[in-house]
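**Q** Let me begin by handing over the structure; questions about it come next.
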Amino acid sequence: SAFSAAVAQLPADLPKFDFAALKKAMPTHAALIDSLQKQYEAVKIPYGEIPAEHNKEIDAWLAFNKERVELHEMKVADGIEEAKKVEAKWSSAPPVEHFDRQHFPSTSPAFLRSPLPEPRPRSLPNRPQRDRRAGEALLRLQGPQKSRQGRRPL
């Protein structure tokens, strides 16, 4: 930044003053000039020095960031491996023009639960079969109980 550049251009030491010449020029203020000289010489600017407690904080922060970078690099490496697997899977798949239902289980198992879907009539709804399956699922959830007519559930 501009401030850092301006500070870096300044000398490390304070400018030198001739306090003896000041005392000769203003003899009535000799005591005040002596006090100013002591204060001026006591001023020490820690130019380029970093206190030890700040160094400890900086080292802890650097270690934390190093761990974050290593974790990020591990995640990136894992992502690259997964991408290679996906790329290999799709490169072994047939072209889109030749893609058929039989390719779904090997290429997109999340979209198709069984290798081939159950055939359904296209003209009439398949309600009795669906209702029977729903009843069986409900009975499985309820557990083994006798029905009202005394028959065991399916």
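The values are calculated or read from the model by the stated rules, or taken from the named source; none is laboratory data. Here the structure is a predicted model, which is why all the values come from computation and not from measurement. Cβ placement follows ideal geometry from the backbone for every residue including glycine, while neighbour counts extend to all protein chains displayed. Protein only, heavy atoms only, side chains kept; ligands, DNA and RNA dropped before computing areas. Shrake-Rupley method; radii C 1.70, N 1.55, O 1.52, S 1.80 Å.
**Q** Could you tell me whether the stretch 115-135 includes any residue that is under 40 Å from the mean Cα position of the chain (by Cα) and either exposed (fewer than 10 other Cβ atoms within 10 Å of the Cβ) or at pLDDT below 85 (or both)?
**A** yes
**Q** Of all residues in the stretch 39-53, count the ones that are in a helix (DSSP H, G or I) and surrounded by 10 or more Cβ atoms within 10 Å (Cβ to Cβ).
**A** Number satisfying all stated conditions: 2.
**Q** Read through the list (1) at pLDDT 90 or above; (2) farther than 30 Å from Pro11 by Cβ, then give the number of the only condition that Glu57 fails.
**A** (2)
**Q** Go through Ser91, Ser106 for me and flag whichever is surrounded by 10 or more Cβ atoms within 10 Å (Cβ to Cβ) and over 19 Å from the mean Cα position of the chain (by Cα).
**A** On inspection, the qualifying residue turns out to be Ser106.
To keep it simple, each residue is scored yes or no on (1) closer than 30 Å to Ser108 by Cα; (2) in contact with a helix residue (DSSP H, G or I) (Cβ under 7 Å, 6 or more places away or on another chain); (3) of a type in the set (A, V, I, L, M, F, W, C).
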| position | (1), (2), (3) |
| --- | --- |
| Lys23 | no, yes, no |
| Asp34 | no, no, no |
| Ile50 | no, no, yes |
| Leu71 | no, no, yes |
| Trp90 | yes, no, yes |
| Ala93 | yes, yes, yes |
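**Q** Please enumerate the residues belonging to the stretch 13-38 that are modelled with pLDDT under 90 and either of a type in the set (S, T, N, Q) or open to solvent by less than 100 Å² (accessible area, probe 1.4 Å) (or both).
**A** Leu14, Pro15 - these are the residues of the stretch 13-38 that are modelled with pLDDT under 90 and either of a type in the set (S, T, N, Q) or open to solvent by less than 100 Å² (accessible area, probe 1.4 Å) (or both).
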